[in-house]
Amino acid sequence: MFILNLIKNVFLLIALTAIYQVIGARVGKGSFQNKVISGVLFGAVGIMGMMTPLIYSPGILLDGRSIILSIAGYFGGPIVAAVAATITVSYRLYIGGAGVFVGVATILEAALMGVIFHFLWYRNKKETGFFRLWLFGFLTTSIVLLTFLALPGKSGLEVVRQLALTILISYPVATVLLCLLFMDYERQSDATEALSQSESLHRGIFQNAAAGVDVVDRDGRFIQVNSTLCDILG
């Protein structure tokens with residue numbers, strides 16, 4: 001059940017990436033509006049994960065929200081992380097239960113770790129291969145496990161004893177795969193933007209050249225001409 005919940009969160013994030021691409025194409029990348037919308041999307045996925053969690057005991061929920069919040073902070077920075085964390089914290093408080101404060105701490109810790117690594121690696125354009133991303137996921141997950149020890153009674157120790165190995169293996173790997181997915185999208189987005197800028201530059205040079213410029217096919221028919229050539233030829 002726990003692994004199935006994690007897989008469900010992964011597929012939700014894949015869907016989020018597709019929506020993220022549409023928003024990035026319509027709303028300026030890096031704009032405040034883009035960051036708020038992205039934060040809402042991450043927060044919505046976090047809520048969906050908490051709707052069908054692994055219920056260890058009444059009020060103690062296990063799901064993939066730490067992965068979601070850490071990725072929100074890593075790629076989106078403080079604004080995206082803050083919006084996503086606010087949404088998921090609100091829902092976790094609404095659910096309540098014995099593990100509510102630990103659940104809130106888990107959300108805030110994951111978002112904070114994402115923001116820290118956003119400034120350490122992502123914003124500084126440092127090369128982030130598999131190992132670096134795995135380390136990011138492992139450190140975030142390790143701190144999450146430590147927060148479980150604050151659960152009431154001996155339940156925290158029992159959660160760590162029974163699920164620590166599974167969580168430490170699956171969460172960092174899921175983090176790596178999802179980070180690579182977002183990185184691939186950003187590479188495609190950057191390439192598209194660079195191509196658009198190159199075409200715009202070429203078009204500007206072509207149209208504003210002082211000399212007449214034309215493009216013809218093999219039969220000598222005009223395919224494209226600039227305004228200067230039109231003036232010369234009348």
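The values are calculated or read from the model by the stated rules, or taken from the named source; none is laboratory data. This structure is a prediction, so every number in the text was calculated from the model and none was measured. Cβ placement follows ideal geometry from the backbone for every residue including glycine, while neighbour counts extend to all protein chains displayed. Ligands, DNA and RNA are stripped out before the accessible areas are found, and what is left, the full protein with its side chains, is counted by its heavy atoms. Shrake-Rupley method; radii C 1.70, N 1.55, O 1.52, S 1.80 Å.
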Scan segment 112-138 residue by residue and report those that are out of contact with any helix residue (DSSP H, G or I) (no Cβ under 7 Å at 6 or more places or on another chain) and within 20 Å of A164 (Cα to Cα).
L135
Looking at segment 88-100, is at least one residue open to solvent by less than 50 Å² (accessible area, probe 1.4 Å), hydrophobic (A, V, I, L, M, F, W, C) and touching a Cys at 6+ places or on another chain (Cβ under 6 Å)?
no
Name, by its number, the condition in (1) modelled with pLDDT of 90 or more; (2) open to solvent by 50 Å² or more (accessible area, probe 1.4 Å); (3) of a type in the set (A, V, I, L, M, F, W, C) that does not hold for I3.
(1)
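Can you pull out every residue in segment 143-167 that is open to solvent by 50 Å² or more (accessible area, probe 1.4 Å) and either over 27 Å from S57 (Cβ atoms) or not basic (K, R) (or both)? Break it down stepwise before answering.
Here is the first cut: in segment 143-167, the ones open to solvent by 50 Å² or more (accessible area, probe 1.4 Å) are 143, 146, 149-150, 152-154, 157-158, 161-162, 165-166.
Those that are open to solvent by 50 Å² or more (accessible area, probe 1.4 Å) and either over 27 Å from S57 (Cβ atoms) or not basic (K, R) (or both): I143, L146, L149, A150, P152, G153, L157, E158, Q162, L165, T166.
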Report the residue count in segment 114-142 for those that are open to solvent by 60 Å² or more (accessible area, probe 1.4 Å) and either within 20 Å of G76 (Cβ to Cβ) or at pLDDT below 85 (or both).
10
Within the set of pairs 6 or more residues apart or between chains, which connect a residue that is in contact (Cβ under 8 Å) with a residue 24 or more places away in the chain inside segment 130-158 to a residue that is in a helix (DSSP H, G or I) and acidic (D, E) with Cβ atoms less than 7 Å apart?
I143/E109; V144/E109; T147/E109
Considering residues that are under 21 Å from the mean Cα position of the chain (by Cα) and either over 20 Å from T140 (Cβ atoms) or open to solvent by 40 Å² or more (accessible area, probe 1.4 Å) (or both), the number found within segment 42-70 is 3
